[in-house]
Amino acid sequence: MATEDRAILIARAKLTEYLTSNKLRKTPERFAILDVVFSHNDHFDIDTLYEEMESRSYHVSRSTVYNAMELFCDCGIVRKHQFGTQQAQYEKVMNSGNHHHLICTECGKIKEVKDADLMRFVSSRKYGTFNMSYFSLYVYGVCSACMKKMRKTTQNK
């Protein structure tokens, strides 16, 4: 069985367990949205998710998508990120591991980066009685493509 197939099965099981323990309904819409979420290997927003549901002829309201995403975050199978002033971005948690994000302040492009030295450093930190689950780091700057455009614009003046 492929890793992605295992990830969606684990996510479905985790969601089912969460819904059961919190006495919430196991609706087909929630599981359909979860399937679309786990088809992504990058960050996505609510609008993208909503449009994908529509393109698959699975008609749900935007509020259903919003509510499902909040539920998935509470359940621990999705993480919500707020990169600067952009609308919230989401990513599936399974297999994503600790990583940090490089966010271009010009074009909004987001790149995930794993830095073994940084991970070792943060993981070795002790915070009293606080038990760390994961960490996230946002690094803002200008990507190489935007830097190239900026240099070109400056040279043409």
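The values are calculated or read from the model by the stated rules, or taken from the named source; none is laboratory data. Here the structure is a predicted model, which means the values were calculated and not measured. Reconstructed Cβ throughout: ideal geometry from the backbone, glycine too, with neighbour counts over all protein chains shown.
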Condition met for I10 (surrounded by 12 or more Cβ atoms within 10 Å (Cβ to Cβ), of a type outside the set (K, R) and either in a loop (DSSP other than H, G, I, E, B) or at pLDDT 95 or above (or both)): no
Filter result (outside any loop (DSSP other than H, G, I, E, B) and within 22 Å of Y50 (Cα to Cα)) within segment 20-40: P28, E29, R30, F31, A32, I33, L34, D35, V36, V37
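Residues are listed down the side, and each one gets a yes or a no for (1) over 26 Å from A11 (Cβ atoms); (2) small (G, A, S):
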site: K80; (1), (2): no, no
site: A88; (1), (2): no, yes
site: K92; (1), (2): no, no
site: H101; (1), (2): no, no
site: I110; (1), (2): no, no
site: F121; (1), (2): yes, no
site: G128; (1), (2): yes, yes
site: S133; (1), (2): no, yes
Criterion (closer than 22 Å to V78 by Cβ and out of contact with any Gly (no Cβ under 7 Å at 6 or more places or on another chain)) met by exactly one of G128, G108, G141: G108
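Would it be correct to say that Y66 is among the aromatic types (F, W, Y) and in contact with a Cys (Cβ under 9 Å, 6 or more places away or on another chain)?
no
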Check on A68, at pLDDT 90 or above and either over 28 Å from L9 (Cα atoms) or not hydroxyl-bearing (S, T, Y) (or both): yes
Selected residue (criterion: surrounded by the fewest Cβ atoms within 10 Å (Cβ to Cβ)) from residues of segment 119-138 that are out of contact with any His (no Cβ under 6 Å at 6 or more places or on another chain) and closer than 20 Å to F83 by Cα: S136
Pairs, first closer than 15 Å to F38 by Cα in segment 54-70, second of a type in the set (A, V, I, L, M, F, W, C) and surrounded by 15 or more Cβ atoms within 10 Å (Cβ to Cβ), C-beta under 7 Å, six or more apart: V65/I33; V65/I46; V65/L49; V65/M53; A68/I33; M69/I46; M69/V78
Subset of segment 43-65 [under 22 Å from A13 (Cα atoms) and not hydroxyl-bearing (S, T, Y)]: L49, M53, V65
